[in-house]
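The values are calculated or read from the model by the stated rules, or taken from the named source; none is laboratory data. Computed from a predicted model, the values in this text were never measured in an experiment. Neighbour counts are summed over all protein chains in view; Cβ atoms, including those assigned to glycine, are modelled from backbone coordinates with ideal geometry.
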Amino acid sequence: MTEKDIVKIYKALSVDSRLQILKLIKDKELCVNAITQKLNITQPAVSQHLSVLKEAGLVKSDRYGSIIHYSIDRKRLGEFTKSVQKYLGDEFILLKE
């Protein structure tokens, strides 16, 4: 993973709504409408956030008929975590307050 990839992911994670979306889909696939209802934000906003998350490689989609379900791309998230550890060092990841 390149430094550019790491920056893109950090930018994608910098918006609270996107973090909320990731939390919702961490254990199960959800469609845009389900996410919209749970977060009480508009469908176009959810679609835009998912687009950014997908572009960063954090979210994958699967089509079931006319409905698209979204889930976390765990492989990519793991690569990101390892890259950040390698880039910043283990000490950064293990910092305690």
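What to note about this one:
- In the range 13-31 there is at least one residue that is among the β-branched types (Val, Ile, Thr), part of a helix (DSSP H, G or I) and closer than 23 Å to VAL84 by Cα.
- Where a residue in the range 72-97 is more than 19 Å from GLU3 (Cβ to Cβ) and hydrophobic (A, V, I, L, M, F, W, C) and its partner, wherever it lies, is part of a helix (DSSP H, G or I) and at pLDDT 65 or above, with Cβ under 7 Å and at least six apart: ILE72/LEU22
- Selection from the range 1-25 of residues that are free of Cβ contacts under 8 Å to residues at least 24 places away in the same chain and in contact with a Lys or Arg (Cβ under 8 Å, 6 or more places away or on another chain): LEU24
- In the range 63-71, the count of residues that are loosely packed, with under 12 Cβ neighbours inside 10 Å and under 25 Å from MET1 (Cα atoms) is zero.
- Restricting attention to the range 26-56, the residues being among the charged types (D, E, K, R) and in contact (Cβ under 8 Å) with a residue 40 or more places away in the chain number 4.
- Any chance VAL59 is closer than 23 Å to LYS8 by Cβ and at pLDDT 90 or above: yes
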